[in-house]
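Report on one structure; see the data block that follows.
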């Protein structure tokens, strides 16, 4: 089967489509890509709703990329199926036109698959664009995108149930998973440490001293866009609570990213001097950096959208061999079970307590790192997560 991955997607910021492409190729499908990244982040697109004078820039850039995509697609052999990468709300309309025409000329329909991680209206609500004409416009964009697809791919059962009723029978769930680079980073970290004679998680099965673990501070990382879904003010408040506590073990935290709730997060964590703030890390370097940490922080938002997702960073952190602490939501509990630490959404005290527990109990940390990594390798590699998609395409 010849598969064409198509659109203005950017795998450096949204790696989901890269995982799908890797998985399809690993299962023996002939995968080609026709990609012209748009160069606008999700935040850029959302901000245009509040700044309508920027919309012509979006239209101009989209037109330029579509001309490129059209020219490149015509030079490629006709595919058996087209997969439009996230954020493909507009691209799927172009794909429907281009490949509908090519299919008509061949007298054989070319199915269009839309990787629809999150709806535009959902994203708008998460970025606090509620109600009014802007939400109406975003719902129209979602409707046009969903109506242009023959098959819709979502990442959780909750997102499938959130689709309009008329689209659910041609939608499937494919877990986000993690690209191969994250598993390779974990193996490379193992090799570096093994060369030094010990693994960082080789700690005695007892709790460490209250104020100083002989194995060094607990190394914690968060990376993201500081959106309400991610609940970074909760992280900030937890870090502030850790710094204020008496006889607390050492916890070194790296916070990576910029975004909407950044200032509030930094203010809440201001009392903690063991936090390093980085604007961003290049996508190619991020897996290696994360694989050197002990714990990856997931999401802690309390909104409706936050209760329907299992974020990239949870899969990626598990693949990189880290323990995971994230919010106790139905999809995350169902997918990872007791291989990760779950705390109530928005509960800074519970998050602080979970971090301090792992800083003191390195045997428990080792158990969690091992459990998360084994689960990721068993169920969430690219080749494994695409199994439902391959089965549906075969039918």
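The values are calculated or read from the model by the stated rules, or taken from the named source; none is laboratory data. On a predicted model such as this, the values are computed, not experimentally measured, just so you know. Methodologically, a virtual Cβ is constructed for each residue, glycine included, from the backbone with ideal geometry; neighbour enumeration extends over all protein chains shown.
Could you tell me whether any residue of region 19-28 is outside any helix (DSSP H, G or I) and at pLDDT 95 or above? Please lay out each step first, then the result.
So the first thing to find is which residues in region 19-28 are outside any helix (DSSP H, G or I), and the list is 27-28.
The next check asks that each one be at pLDDT 95 or above; those that pass are 27-28.
Scanning region 19-28 turns up at least one residue that is outside any helix (DSSP H, G or I) and at pLDDT 95 or above.
Looking at residue 195, is it farther than 18 Å from residue 294 by Cα, modelled with pLDDT under 80 and either surrounded by 12 or more Cβ atoms within 10 Å (Cβ to Cβ) or not assigned by TED's automatic domain parsing to the domain that holds residue 115 (or both)? Step through it out loud before you land on a result.
Working: farther than 18 Å from residue 294 by Cα: yes; modelled with pLDDT under 80: yes; either surrounded by 12 or more Cβ atoms within 10 Å (Cβ to Cβ) or not assigned by TED's automatic domain parsing to the domain that holds residue 115 (or both): yes.
Judged against the criteria, residue 195 is a match.
Does region 218-232 include one or more residues that are more than 19 Å from residue 299 (Cβ to Cβ) and either more than 16 Å from the chain's Cα centre (by Cα) or in contact (Cβ under 8 Å) with a residue 24 or more places away in the chain (or both)?
Yes, region 218-232 has at least one match.
State yes or no: is residue 172 in contact (Cβ under 8 Å) with a residue 24 or more places away in the chain, surrounded by fewer than 19 Cβ atoms within 10 Å (Cβ to Cβ), under 17 Å from residue 305 (Cβ atoms) and in contact with a helix residue (DSSP H, G or I) (Cβ under 6 Å, 6 or more places away or on another chain)?
Answer is no for this residue.
Scan region 312-356 for residues that are more than 17 Å from residue 177 (Cα to Cα) and in a loop (DSSP other than H, G, I, E, B) and jot them down.
Listed by number, the residues that qualify are 328, 329, 344, 345, 346, 347.
Inspect region 284-306 for any residue being at negative phi and out of contact with any helix residue (DSSP H, G or I) (no Cβ under 9 Å at 6 or more places or on another chain) and give the result as yes or no.
yes
Given (1) assigned to a loop (DSSP other than H, G, I, E, B); (2) more than 28 Å from the chain's Cα centre (by Cα); (3) within 17 Å of residue 35 (Cβ to Cβ), where does residue 86 come up short, assuming only one miss?
It is condition (2) that residue 86 fails.
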